[in-house]
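What follows is calculated from the coordinates using simple rules that are stated; it is not laboratory data. Not measured: the values here are computed from a predicted model. Positions of Cβ are generated from backbone atoms using ideal geometry, with glycine treated the same way; all protein chains shown enter the neighbour counts.
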Amino acid sequence: MSELLLLTPELLVLFGALLALFADKITGHPRAAAHIAAPLSVVAALVAALIGTRGGIFAGMLALDNVSVFARVAIALLLAFWLHWVSGRGTGGERSAEAVALAMLSAVGGMLMASARDLIVLFISLELSTMPAYVLMGYRRGDARGLEGALKYFLLSMLTSLIMLYGLSFAYGISGSTAYADLGAVDAGTLGQLAIAFVLVGLFAKLSAAPFHYWTPDAYAGAPASSVAYVSTVPKIAGVVALVQLVAAFAGNGGTITVVLLVGSLLSMLVGNLAAYPQTDLRRLMAYSGVAHSGYILLAAAAGSAGGTAAVFYAVAYAVPSMAIMLLGSEEGTALDDLAGLAARRPAIAWASVVWLLSLIGIPPMVGFFGKLTMFTAALDHGLVWIVAVAVTMSVVSAGYYFKVLRSVFFGERLDARRATRSTPAVIAYAALTVVTLALGVLASPVLEFFGLRF
Amino acid sequence: MDWVTLIPLLPALAFVVLAPLSRAARAKLVPLAVAAVLGSLGLSIAAFLAVWPGGHGEVWQASVTIAHIGDRAITLGLALEPMSAIMLTVVTVVGACVQVYSLGYMHREDRIGWYYAVLSLFTAAMLALVLSDNFLGLFMAWEVMGLCSYLLIGFWHEQEAPRLASIKAFLTTKVGDLGFMLALAVVYAEAGAFDFATVLHHDWTAGTATLVALLMLFAAMGKSAQFPLHVWLPDAMAGPTPASALIHAATMVAAGVFLVVRAFPIFEASGIALTITLWVGLITALLAGLLAMVQHDIKKVLAYSTISQLGFMFIALGAGSSTAALYHLVTHAYFKSLLFLGAGVIIHAAHTQDMRQMGGLAKKLPVTSLAFASGSLALAGIVPFSGFWSKDEILAVLLHEHQYVAFAIALLAAFVTAFYVARLWFRVFTAPTQQEDLHEGHRSMLVPMVVLAVITAVIGFFGPTLGDFLGHEIPWPALGTAAISTVAALGGITLGWYVYGRRTSVVNTQALKQRFPHAYGVLANKYYFDLTYGYFVVGGYTTLARALATFDARVVDGVVNGVAAAWRSLSAAGWTFDGRIVDGAVNGAASAVRAAGDKVRTLQTGSVRSYQTLIAGAVVLLVVWILVKGA
């Protein structure tokens, strides 16, 4: 029983999801259940996660260490922001209770994945975090393009999940155990390396890292921006934690893992940053930007335990401003031209978007800078000088397309006078995301100390 | 001594207080920003006295650890030593003058609060930059300054030109910053730390030192607007004039020079990097000076003049004298900010930036014209104004190092400088009046200018003292070089007077344009730099990006087919593997890709089947690689 207490945050979020789905059937107040009770349960989960007792559960199938606790708090926090935003606006207006529940269920999967120490738990929690995402992406039932994108996401994700499962079965076959602790026995033999490679393929696809990123731009471009805001950020944090822990668990292999990670990193950085530039839709642009950021993360993941922790931190550093931009896109319209004249219409939000975009480029004092700094120094400590040089170059190149967004924000007038829907909770969510972007950058050291994280 | 931390912290706090407030509340709190910078000024003077009489070493140091990477600690720290003490006084004096001046200059602006907030943040960043005891902290402050520069250039973002200029400035300097970031990466990989003490005392091999030095030089060229990365600075004049005075003349643009001064031991270890620095400086000093000759916009003249003077600092660095560079940095900061503030008064009075529509301002604006004269004479290099001493020191260093070609070019640049100063002066102040309704600036604008004018007039006499303070020697000018440089300066001024100053001469650029159409065209088009960049760099980048975005599937096709073919031939040659399974898989994937290839024109086709094939292809490649590599 005391072990179950460690899972309080997950259970609270799960409870909230059920509330969102079923409370209205009992009380007859759908909005109250989905937009008040459910977010409150997430806040409670956040508090519980912050208290964050460390320890193992279920004979070590789940374990909460500093990194897992950090990731869990980040997931709960971003979920809370997202729910707050949705509460003011609704997702597509109708059926918002379902969207709330789906996102919360996905978050439960993510939180479990962050503390998984067993291949079976990993796979189940991975699926739990992705399944609701398919539905969220195809949320507008009448929209053929959205459904097509969601279906693509589903099919491609299934393919890579199966490849990953195949790899997991190899790993089990070699080590005779599904526990991470025994994966060191997956030695450098050919089969072991194949196991590792297949597992990485699955995780690459979840992180939309090249060359397994194809689903991302299409799925994002068809989906409602509010869904993209969630799916492109929160599950990614959990995915990075899983990746980092698996890389550490597979320590005994002959360098295959490093090569695969670095090749993936290189491809993602190049493809993501270069392909983002000509995009005219914010969702596609951010999809490629996500590919690029996964590239930086893979680089850090290849740089030992210091790099691994830095990668997890960066996943959060990426998720916060990225979610903010997509949410803004959902309000204002997702074509870059829709953002035109935002500075004149909503100056405060326009300046907040400057903070988000500069953080994504990696300008101090925003969190993106600190994240990149720790990742790249960790990689340099591992002697990865040349690929760090590429990463640094690419992060400068990225300024080009992020500035395209800023140019839209500050230039010109929007052509159609359609008044964007606005809501107070949304503004609060933007403010909160901006504060986190800045505070996590300026106060990174105390935050890391609080979670006991060391790179 | 921990109060030194307050020097950058006070303006930073002013920003933190002002930034989140409403427009009206910010405007009311403007005095807070001024008070903060005056507080920093007082503390900087105290810090200067604490270091006095200087000569060596750091007086105070403090650092915090921001992260542990493995078993290494990444620290950020501040250190007070002679060079930072001097820079502190320069930045706070100019900063305070500009902020007081802006009270008058910007008082009708309803976003004055935001202006002061950003100005405060900038001042904080610049102070942190000069105090920083490591390259990482220097870089962070450097980036924040770039950000403030972007915000201030685009201050009037409802207009087209400032918006474009702000983005151009940010992206151009960002290209330079790439050099800084790569340099940091190499420094960390090589020395394992960022702090000056460790990095500068590291045993640099010539090759690595050259790499780091050139990367840093590139960064410095971006920030200090050296050819060919100078294109952003003239456009940056779209920002408010006092901000130009502080950021784009006195302080931020000098940060590039400051970086090279800080990293000077690495440059010395390299050798070749110094030569390159010298030539960058020479080319910039001369070409930018020539460009200043044909500008009609008074601020653009000053902008090109700034580029040219920064070039002089690079010349000093390249000749091996970081002291001379720092000396010129200090004198230039005072006289150039003075000139910009003067230009601000002139623009306010004349309601135009075009010098062709000015004239006769000397009678109408007596205080401004006197102050402007002090700055102009300093810029032209006339004894005893400050620019004379520091420019003379640079020329003396060149002679001492037997760099005669460089000496000749620098002298020519000095001549050109004197010419365009004369052109500006005679056009604006003594040419026939074209406007009647001209008013002298407000007192809050005149007082800072007078302060700067006095400093400009007298600071030259403290050269040797400054040298002692830094622990290096700055001798009094030798009569020979002083004579040569004075002749060059007077020659330039005389020619300027001959062309623009005489009562009878209505000679103007128009006449010159007719007489030398080709030369004028090249100069007027700024050597076609902007056009070239627009066409090749931006165009090339866009093309590359487009190409990648719609990557032709045939490339991927080709790779997969090629691997398959290679694999087939390998296994046919009796490779020890059981080839059949892999072969089959590869062939299957390859034929699938080929089949898809007919329909697939681009990588991002939208077709699930082609995506699946691409994924399968990648997995096959992975498998093949592992099998070939073996255990």
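Sticking with the crude label model, points 7 Å out along Cα→Cβ, report the distance from B:Tyr498 to A:Arg31 in nm, one decimal please.
8.4 nm
Restricting to lysines 8 or more places apart or on different chains, can you count the pairs in region A:5-450 with Cα atoms under 30 Å from each other?
Going through region A:5-450 pair by pair, I get 9.
Would you pull out the residues with amide H under 5 Å of B:Ile69's amide H, same chain only if 5 or more places away, H placed 1.01 Å from N?
B:Ile74
Among B:Lys174/B:Lys391; B:Lys299/B:Lys364; B:Lys223/B:Lys336, which pairs are too far apart, with a Cα-Cα distance over 27 Å?
B:Lys174/B:Lys391
Could you work out the mean count of beta carbons from other protein chains within 10 Å of each residue's beta carbon in A:209-219?
Working: counts 0, 1, 9, 5, 4, 12, 4, 1, 3, 6, 0.
Neighbouring Cβ atoms belonging to other protein chains average 4 per residue here.
Quick one: B:Lys174, A:Lys25, A:Lys206, fewest Cβ neighbours within 10 Å first, how do they rank?
Details: B:Lys174 22, A:Lys25 9, A:Lys206 26.
Placing the least packed residue first, the sequence is A:Lys25, B:Lys174, A:Lys206.
If you plug each phi of region B:124-131 into the Karplus form 6.51 cos²θ - 1.76 cosθ + 1.60 with θ = phi - 60°, what whole-Hz ³J(HN,Hα) values come out, in order, with x for Gly and Pro?
Taking θ as phi minus 60°, the curve returns 4, 5, 5, 5, 5, 4, 6, 8 Hz for region B:124-131.
Just to check I understand the Karplus step: with θ = phi - 60° and J = 6.51 cos²θ - 1.76 cosθ + 1.60, what whole-Hz values come out for region B:47-58, glycine and proline as x?
Those phi angles translate into 5, 4, 5, 5, 7, 3, x, x, x, 6, x, 8 Hz.
Looking only at other chains, what is the average number of their beta-carbon atoms within 10 angstrom of each beta-carbon in A:388-397?
5
By the gyration tensor of its Cα atoms, with a ≥ b ≥ c the square roots of the eigenvalues, what is the shape of region B:365-480: rounded for a/c under 1.5, prolate for a/b over b/c, or oblate?
oblate
What average count of beta carbons from other chains do you get within 10 Å of the Cβ of residues in B:611-622? Display every interim value, and only then the final one.
Numbers: counts 9, 8, 0, 5, 12, 2, 1, 9, 9, 0, 2, 13.
For this peptide, the per-residue mean of nearby foreign Cβ atoms is 6.
Provide the packing ranking of A:391-399, A:445-453, i.e. peptides ordered by the mean count of other C-beta atoms within 10 Å per residue, highest first.
Result, highest mean Cβ count within 10 Å first: A:391-399, A:445-453.
For region A:178-328, what relative contact order do you get, as a whole percent, if you take Cα pairs closer than 8 Å and at least 6 residues apart?
Relative contact order comes out at 32 percent.
As a footprinting exposure proxy, order A:Leu7, B:Leu88 by other Cβ within 10 Å, with the fewest listed first.
Exposure proxy ranking, most exposed first: A:Leu7, B:Leu88.
Please give the Cα centre distance for region B:277-326 versus region A:51-123, rounded to the nearest Å.
Comparing the Cα centres of region B:277-326 and region A:51-123, I get a distance of 57 Å.
Quick one: 3J(HN,Hα) in Hz for region B:431-441, Karplus 6.51/-1.76/1.60 with θ = phi - 60°, rounded, Gly and Pro as x.
3J(HN,Hα) across region B:431-441, in whole Hz: 4, x, 5, 10, 10, 9, 8, 10, 10, 5, x.
In what sequence, highest mean first, do A:361-370, B:342-351 appear when ranked by Cβ atoms within 10 angstrom?
The densest-packed peptide leads the list: A:361-370, B:342-351.
Can you give the calculated 222 nm mean residue ellipticity of the protein assembly as shown, where each DSSP H run of n ≥ 4 adds -39,500 (n - 2.57) and the sum is split over every residue, rounded to the nearest 500 deg cm²/dmol? Mind showing how you got there, number by number?
Values: 50 runs with 783 residues, N = 1086.
Mean residue ellipticity, 222 nm, calculated: -24000 deg cm²/dmol.
Classify region A:264-350 as rounded, prolate or oblate from the Cα gyration tensor: take a ≥ b ≥ c as the square roots of its eigenvalues, call it rounded if a/c is under 1.5, otherwise prolate when a/b beats b/c and oblate if not.
oblate
Explain nothing, just the number: relative contact order of region A:5-450, from Cα pairs under 8 Å at least 6 residues apart, as a whole percent.
14 percent
B:Gly113: net charge of surrounding residues, Cβ under 11 Å, Lys/Arg +1, Asp/Glu -1, itself excluded?
For residues surrounding B:Gly113, the net value is +2.
If Lys and Arg each add +1 and Asp and Glu each add -1, what is the summed charge of the other residues whose beta carbon sits under 14 Å from the beta carbon of B:Ala191?
Its environment carries a net charge of -3.
With an 8 Å cut-off on Cα pairs and a minimum separation of 6 or more residues, tell me the relative contact order of region B:306-437 in percent.
Worked out over region B:306-437, it gives 33 percent.
Which length gain, in nm to one decimal place, applies between B:Ser607 and B:Val383 when the Cα-Cα distance is subtracted from 0.36 nm times their residue separation?
73.1 nm
List every residue whose amide H lies under 5 Å from the amide H of B:Asn134, counting only residues 5 or more places away in sequence or on a different chain, with H placed 1.01 Å from N in the peptide plane.
B:Gly77, B:Phe196
Using the Cα centre of the protein assembly as shown as the reference point, and only Cβ charges (+1 on K/R, -1 on D/E), how large is the resulting charge dipole? Debye, rounded to the nearest 20.
2640 debye
Which FRET efficiency, nearest 0.05, do A:Arg407 and B:Ala35 yield, Cβ-Cβ r, R0 35 Å?
Working: r = 36 Å, r/R0 = 1.04.
Taking R0 as 35 Å, the efficiency between A:Arg407 and B:Ala35 is 0.45.
Sort B:Arg502, A:Arg95 by Cβ crowding within 10 Å, fewest neighbours at the top.
B:Arg502, A:Arg95
Tally Lys/Arg at +1 and Asp/Glu at -1 over every other residue whose Cβ is under 14 Å from the Cβ of B:Gly496; what's the total?
Numbers: positive: B:Arg423, B:Arg427, B:Arg502; negative: none.
Summing Lys/Arg as +1 and Asp/Glu as -1 gives +3.
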